[in-house]
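Written below as structure tokens is the structure these notes are about.
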Amino acid sequence: MFSKVQRCARFQFFKVYENGNFKRCGSTYGRPDFTKNTYNVSRGYYNYLQEDHIRFFQRLLGEKRVIMDLSDLEKYNVDWYIQVRGCSSIVLKPKTTDEVSKILSFCEKNRLAVCPQGGNTGVVGGAVPVFDEIILSTELMNQIISLDETLGVMVCEAGCVLENLDNHLADRGLTVPLDLGSKGSCQIGGNVSTNAGGMRLIRYGNMHGNILGLEVVKANGEIIDCLSTLKKDNTGYHLKHLFIGAEGTLGVVTKVAFHCPPRPKYRSVAFLGLQDFHKALKTFRKAKEELGEILSAVEVMDIPTMNFIKEKNNQQSPIGNYPFYLMIEISGSNESHDSEKLHSFLDSCMSSNLILTGTVATDPTKLNAIWRIREGISEGYKTCGAVFHYDISLPLEHYYTLVDDMRRHMGSRCERVFGYGHLGDGNLHLQIQMKEYSKELKELAEPYIYKRTAELKGSISAEHGMGFMKRRYLDLAKPPSSVSLMRDLKKLFDPNGILNPYKVFP
Ligand SMILES: Cc1cc2nc3c(=O)[nH]c(=O)nc-3n(C[C@H](O)[C@H](O)[C@H](O)COP(=O)(O)OP(=O)(O)OC[C@H]3O[C@@H](n4cnc5c(N)ncnc54)[C@H](O)[C@@H]3O)c2cc1C
């Protein structure tokens, strides 16, 4: 599995604070332009950073944890997909909840906007500033606080990297209940704030089910202690759920208590070739019925996705070319039982003509090689002209309808439309690839894709959130009464709107 997410350093045009002045340094080449220019957004009524503000932060954190150097700022201002770019001139790196509280209370009093940032692997532009918001990075809040091995409950700080937590748990026969391609960089606080899904959601459920407690700092600096480690706790409202998926707009998550299931002792993945999507659906249903409790992932991809992988990542399909591919993973605690179940399921799929061919990997090296095909797709985006990404939830009967619709709609104006995703959760990743970024093509694709998703009774964000990129379409995703209640909650938690402005809400 690939780990540390690499980010291109193609941008050298930032406003920096130097000797008491803001200066523009360097020059821009490549994408993206500043978000504020590309998307024509107006800056909110916030104060600009002053020298006395900087002095306060330096007194609180020390100079080393107040980042203002141009080259250091770059990676915090640009998102992983290199699609949005802020112009913040300061990154703050608190180490404790108390420091986060003092920063936010100061920012609230001085009307300074703040952008919370975890691993910055978010793909909807939520984790980078739109203008000059202060970036509050949880990078140094990376301590494990406790682990109850019997109950399977870990408490840790928000900045712990997901893969590091999993490695710690592996030695104790436990695992984290989610698995993302970005696990080498994303942080648990970011996972909570995006309600991250990933490959094993079919097995362990989403963050709402796995998070037992949270500690959160509100915009005014007040610390909300909901850090329960109990599996059952029905004492009033479950406030933690408000912060799961809030994308840093209601508070900064500082500590997390979560459920750690037992680590499977045996894992196996089948990579299958199929004739059409209808058969993929039938195979999925059969897998649920016959594999039951050992089923841990069901991923689908179409042949254009495989062609993309071949061209951009130089990886081959291990079974040749087929219109559709399914990856079905099982994991459990009894090798002979689990393997027998898988093989009898595959035999039955073959004899009923659901699948055309397939290969099964159990050996860790082969198994990882197969997963790398799927996890490496987004790596390919870096070397192709441009790709528009859409993360959609759909009723299963319409899962592939949207890909066909978009292909028709875009016609020959784009290079390729392809679809893959977490079939087990009805989550499609639809991609439109073109030679180079084109505003015209963007306008052709949007809002059509979101309107069509709404018609098909889907959701315009399955697991990535609304961030900056999708906020304009919130009204398509939720009825007016829900959006209005969301706005009321935002006002209650953050009356001056200093937390992650320009995100989630249109
Ligand atoms: C290669 C790759 C594969 C991916 N695969 C998946 C996948 O399978 N499933 C999936 O769901 N996502 C996936 N993602 C998206 C991303 O990794 C997730 O959204 C992840 O949960 C973000 O975590 P992060 O720490 O990087 O958060 P960031 O990107 O830093 O932040 C994301 C949002 O959360 C807010 N935030 C971050 N930390 C905090 C905090 N402590 N308190 C309050 N707000 C905070 C930010 O302001 C922002 O709005 C993938 C991304 C990449 C690059």
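Do you know which of the residues in the range 451-504 that are in the same structural domain as G411 (by TED's automatic domain parsing), of a type outside the set (K, R) and more than 26 Å from G86 (Cβ to Cβ) is surrounded by the most Cβ atoms within 10 Å (Cβ to Cβ)?
T453
Please go through the range 419-446 and give me each residue that is within 17 Å of V387 (Cβ to Cβ) and either within 16 Å of the ligand (Cβ to nearest atom) or in the same structural domain as D302 (by TED's automatic domain parsing) (or both), ordered by number. So that I can check it myself, show each step before the final result.
As a first pass, look at the range 419-446 and keep what is within 17 Å of V387 (Cβ to Cβ): 419-421, 428-446.
Across the range 419-446, the qualifying residues are G419, Y420, G421, L428, H429, L430, Q431.
If the requirement is being over 29 Å from N210 (Cα atoms) and surrounded by fewer than 23 Cβ atoms within 10 Å (Cβ to Cβ), which of these qualifies: G292, G332, G273? Give the derivation first.
Details: G292 fails: over 29 Å from N210 (Cα atoms); G332 fails: over 29 Å from N210 (Cα atoms).
The conditions single out G273.
Please verify whether the range 201-217 includes one or more residues that are farther than 18 Å from E247 by Cβ, within 11 Å of the ligand (Cβ to nearest atom), in contact (Cβ under 8 Å) with a residue 12 or more places away in the chain and in a loop (DSSP other than H, G, I, E, B).
No: zero hits.
Tell me which helices (runs of 4 or more DSSP H) are completely within the range 447-506 and hold 1 or more residues being within 29 Å of N110 (Cα to Cα) and within 13 Å of the ligand (Cβ to nearest atom), or say none if there are none. Please lay out each step first, then the result.
On the way: elements: 448-455, 474-477, 480-493.
Counting at least 1 such residues, we get 480-493.
If the requirement is being within 12 Å of the ligand (Cβ to nearest atom) and of a type in the set (V, I, T), which of these qualifies: T254, T229? Give the steps one after another, and end with the answer.
Values: T229 fails: within 12 Å of the ligand (Cβ to nearest atom).
None of the other options fit; the residue is T254.
Hey, can you tell me all the residues within the range 266-295 that are under 30 Å from S228 (Cα atoms) and either in the same structural domain as V176 (by TED's automatic domain parsing) or among the β-branched types (V, I, T) (or both)?
I294
One line per residue, one yes/no per condition, for (1) buried (at least 21 other Cβ atoms within 10 Å of the Cβ); (2) farther than 30 Å from M327 by Cβ; (3) touching a Leu at 6+ places or on another chain (Cβ under 8 Å); (4) modelled with pLDDT of 95 or more:
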{"position": "H208", "(1), (2), (3), (4)": "no, no, no, yes"}
{"position": "I211", "(1), (2), (3), (4)": "yes, no, no, yes"}
{"position": "N220", "(1), (2), (3), (4)": "no, yes, yes, yes"}
{"position": "I224", "(1), (2), (3), (4)": "no, yes, yes, yes"}
{"position": "T229", "(1), (2), (3), (4)": "no, yes, yes, yes"}
{"position": "K232", "(1), (2), (3), (4)": "no, yes, no, no"}
{"position": "G236", "(1), (2), (3), (4)": "no, yes, no, no"}
{"position": "F243", "(1), (2), (3), (4)": "yes, yes, yes, yes"}
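Being among the aromatic types (F, W, Y) and within 32 Å of the chain's Cα centre (by Cα) is the filter; apply it to the range 47-64 and report the residue that is farthest from L140 (Cα to Cα). Talk me through it step by step, then tell me what you get.
Let us first name the residues in the range 47-64 that are among the aromatic types (F, W, Y), namely 48, 56-57.
Those still in the list that are within 32 Å of the chain's Cα centre (by Cα) too: 48, 57.
On the way: Y48: 26, F57: 16 Å.
Among those that are among the aromatic types (F, W, Y) and within 32 Å of the chain's Cα centre (by Cα), it is Y48.
Any residue at all in the range 412-429 that's among the polar types (S, T, N, Q) and part of a strand (DSSP E or B)?
To start, the set of residues in the range 412-429 that are among the polar types (S, T, N, Q) comprises 412, 427.
Still in the running and part of a strand (DSSP E or B): 427.
Checked the range 412-429: at least one residue is among the polar types (S, T, N, Q) and part of a strand (DSSP E or B).
List pairs: first in the range 115-127 and closer than 18 Å to L250 by Cα and of a type in the set (A, V, I, L, M, F, W, C), second near the ligand (Cβ under 6 Å from one of its atoms) and not in a loop (DSSP other than H, G, I, E, B), Cβ under 6 Å, 6+ apart or cross-chain?
So the pair list comes out as A127/Q117.
Quick check on L140: is it touching a residue at least 40 places away in the same chain (Cβ under 8 Å) and either crowded, with 24+ Cβ neighbours inside 10 Å or in a loop (DSSP other than H, G, I, E, B) (or both)? Steps first, answer last, please.
Details: touching a residue at least 40 places away in the same chain (Cβ under 8 Å): yes; either crowded, with 24+ Cβ neighbours inside 10 Å or in a loop (DSSP other than H, G, I, E, B) (or both): yes.
So L140 fits the description; yes.
Look at the range 297-329 and say how many of its residues are crowded, with 23+ Cβ neighbours inside 10 Å and of a type in the set (G, A, S).
Residues meeting the conditions: 1.
Given the residues C156, C160, C186, which is the only one that is under 22 Å from N500 (Cα atoms), surrounded by 22 or more Cβ atoms within 10 Å (Cβ to Cβ) and more than 6 Å from the ligand (Cβ to nearest atom)? Step through it out loud before you land on a result.
On the way: C156 fails: under 22 Å from N500 (Cα atoms); C186 fails: more than 6 Å from the ligand (Cβ to nearest atom).
Sole residue among the options that is under 22 Å from N500 (Cα atoms), surrounded by 22 or more Cβ atoms within 10 Å (Cβ to Cβ) and more than 6 Å from the ligand (Cβ to nearest atom): C160.
Could you run through the range 66-95 and say how many residues are among the hydroxyl-bearing types (S, T, Y) and in contact with an Asp or Glu (Cβ under 9 Å, 6 or more places away or on another chain)? Even if it seems obvious, please write down each step before you answer.
Within the range 66-95, the first condition is being among the hydroxyl-bearing types (S, T, Y), and the residues that meet it are 71, 76, 81, 88-89.
Restricting the remaining residues to those that are in contact with an Asp or Glu (Cβ under 9 Å, 6 or more places away or on another chain) gives 88-89.
The number of residues fulfilling the criteria is 2.
Checking the conditions here, which among Y390, Y448 is touching a residue at least 24 places away in the same chain (Cβ under 8 Å) and surrounded by 19 or more Cβ atoms within 10 Å (Cβ to Cβ)? Before you say what the answer is, go through the steps one by one.
Numbers: Y448 fails: surrounded by 19 or more Cβ atoms within 10 Å (Cβ to Cβ).
So the residue among Y390, Y448 that is touching a residue at least 24 places away in the same chain (Cβ under 8 Å) and surrounded by 19 or more Cβ atoms within 10 Å (Cβ to Cβ) is Y390.
Condition first: closer than 23 Å to G119 by Cα and hydroxyl-bearing (S, T, Y). Can you find one or more residues in the range 222-232 that meet it?
no
On the basis of being surrounded by fewer than 23 Cβ atoms within 10 Å (Cβ to Cβ), without any contact (Cβ under 8 Å) to a residue 24 or more places away in the chain and not polar (S, T, N, Q), does D171 make the cut? Walk me through it before giving the result.
Working: surrounded by fewer than 23 Cβ atoms within 10 Å (Cβ to Cβ): yes; without any contact (Cβ under 8 Å) to a residue 24 or more places away in the chain: yes; not polar (S, T, N, Q): yes.
Considered against the rule, which asks whether it is surrounded by fewer than 23 Cβ atoms within 10 Å (Cβ to Cβ), without any contact (Cβ under 8 Å) to a residue 24 or more places away in the chain and not polar (S, T, N, Q), D171 comes out as yes.
Applying the selection to the range 103-122, what residues are of a type outside the set (S, T, N, Q), away from the ligand (no atom under 15 Å from the Cβ) and assigned to a loop (DSSP other than H, G, I, E, B)?
Looking only at the range 103-122, we keep the residues that are of a type outside the set (S, T, N, Q), and these are 103-104, 106-109, 111-116, 118-119, 122.
Still in the list and also away from the ligand (no atom under 15 Å from the Cβ): 106, 108-109, 111-112.
Matches in the range 103-122: R111, L112.
Within the range 66-83, restricting attention to residues that are within 12 Å of the ligand (Cβ to nearest atom) and surrounded by fewer than 18 Cβ atoms within 10 Å (Cβ to Cβ), which residue is nearest to the chain's Cα centre (by Cα)?
Checked the range 66-83; the qualifying residue nearest to the chain's Cα centre (by Cα) is I82.
Take the range 189-200 and flag every residue that is near the ligand (Cβ under 6 Å from one of its atoms) and more than 20 Å from I328 (Cα to Cα).
G189, G190, N191, S193, T194, A196
The values are calculated or read from the model by the stated rules, or taken from the named source; none is laboratory data. Computed from a prediction, not measured in an experiment: that's the story for all the values here. Reconstructed Cβ throughout: ideal geometry from the backbone, glycine too, with neighbour counts over all protein chains shown.
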